[in-house]
Amino acid sequence: MIQRLQTLYLLIVFILSIVSLFSTIAGYNAGGEEVANFGDFAFNTLKEPFTQLKTTGPWALGIIHVAVALISVITIMLFHKRVRQMRLTVFNIILLGGYLLVYAFFAWIYQQKLNEIPATLEVTFQAKLTAIYPLVSLILCVLAFRGIRKDEKLVRSLDRIR
């Protein structure tokens, strides 16, 4: 049922999740140039002396985004089962909220690690445009939930009339 507005919202959430998976979401600048960045699966240092920094990547961000994309597609396919759609959409909302918290945690951790390296320049955090995609996805999931709930109320009221 592509004509339902909540289906379009969930499709946009899927697209934003896929785009976010393959792009960088934050960068760290020192002296006007980018010295490090990270995406959903990797943390990359670009300039000396920061290349000596050994850390693991933010793999949790990537796993959450993959889960959000899969749940969005599954939710679109369950258009006959509105109650299950609402539950999966609420789960997506929780995952996206968790993503934002984990993103803030990793940004803070990497900021601390980069500032520990003895360098002459202070490292500053810079969020990229793709960093707002999870927030937009969260808002779209809330709108999709409201649309699904509205459809469910309509169907229940029509059942009551019969």
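The values are calculated or read from the model by the stated rules, or taken from the named source; none is laboratory data. These numbers were taken from a predicted model, which means no experiment stands behind them. So basically every Cβ, Gly included, is an ideal-geometry build from the backbone, and we count neighbours across all protein chains shown. The area values use the complete protein model at the heavy-atom level, side chains included, leaving out ligands, DNA and RNA. Shrake-Rupley method; radii C 1.70, N 1.55, O 1.52, S 1.80 Å.
Residue-by-condition table, conditions (1) open to solvent by less than 50 Å² (accessible area, probe 1.4 Å); (2) out of contact with any Lys or Arg (no Cβ under 8 Å at 6 or more places or on another chain); (3) in contact (Cβ under 8 Å) with a residue 12 or more places away in the chain:
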{"residue": "LEU46", "(1), (2), (3)": "no, yes, yes"}
{"residue": "GLY57", "(1), (2), (3)": "yes, yes, yes"}
{"residue": "ALA60", "(1), (2), (3)": "yes, yes, yes"}
{"residue": "SER72", "(1), (2), (3)": "yes, yes, yes"}
{"residue": "ASN92", "(1), (2), (3)": "yes, yes, yes"}
{"residue": "LEU95", "(1), (2), (3)": "yes, yes, yes"}
{"residue": "TRP108", "(1), (2), (3)": "no, yes, no"}
{"residue": "CYS141", "(1), (2), (3)": "yes, yes, yes"}
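Of the conditions (1) open to solvent by 60 Å² or more (accessible area, probe 1.4 Å); (2) closer than 30 Å to VAL83 by Cα, GLU116 fails just one. Which one is it?
(2)
Given the conditions (1) part of a helix (DSSP H, G or I); (2) over 21 Å from TRP59 (Cβ atoms), report the number of the one that SER137 does not fulfil.
(2)
Can you name the residue in segment 122-139 that is open to solvent by 80 Å² or more (accessible area, probe 1.4 Å) and among the aliphatic types (A, V, I, L, M) and, of all such residues, is farthest from ILE25 (Cα to Cα)?
Top of the filtered list is ILE139.
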